[in-house]
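Student: Okay, handing you the structure first.
Each value in this text was obtained by applying a stated rule to the coordinates, not by laboratory testing. Keep in mind the model is a prediction, meaning the values are calculated, not measured. Virtual Cβ from ideal backbone geometry, glycine too; neighbours counted across all protein chains shown.
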């Protein structure tokens, strides 16, 4: 199952807001418990979304050092390279 990017962003924002709210020292204990339960439920989703984002970034082709080169320039570089037997 795949979630739309906006929904994932919404979950990540809610997770961050819960973490912020739980840091409030004036928060009543029963409210802290309720927030921490919500936070715990969202944590695996947020971690999975972050892992997916890292995986997608790793799969994106990186710009190559020769992206600016023309075919003729690459041939010239290849001719100048040492031969391997």
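Student: Compute a Gaussian network model of the chain, connecting alpha carbons closer than 10 Å, and tell me which residue from 43, 53, 71 fluctuates the most.
Tutor: In the Gaussian network model the winner is 71.
Student: From a point 7 Å beyond the Cα of residue 5 in the direction of its Cβ, which residues of the stretch 42-62 have a backbone N at a distance under 17 Å?
Tutor: 49-61
Student: Using the Kirkwood radius over Cα pairs, work out the Stokes-Einstein diffusion coefficient for the chain at 4 °C and 1.567 mPa s, in µm²/s as a whole number.
Tutor: Working: Rh = 17.3 Å.
The Stokes-Einstein estimate is 75 µm²/s.
Student: Here is a follow-up. Most fluctuating residue of 52, 26, 16 in a GNM of the chain with Cα springs under 10 Å: which is it?
Tutor: Of 52, 26, 16, the most mobile in the Gaussian network model is 26.
Student: Here is a further query. Given the rule -39500 (n - 2.57) for each run of at least 4 DSSP H residues, summed and divided by the residues of the chain, what is its mean residue ellipticity at 222 nm, to the nearest 500 deg cm²/dmol? Let's see the in-between values first.
Tutor: Numbers: 3 runs with 59 residues, N = 85.
The per-residue figure over the chain is -24000 deg cm²/dmol.
Student: For the chain, with a Gaussian network of springs between Cα atoms less than 10 Å apart, report the residue from 35, 45, 74 with the top mean-square fluctuation.
Tutor: 74
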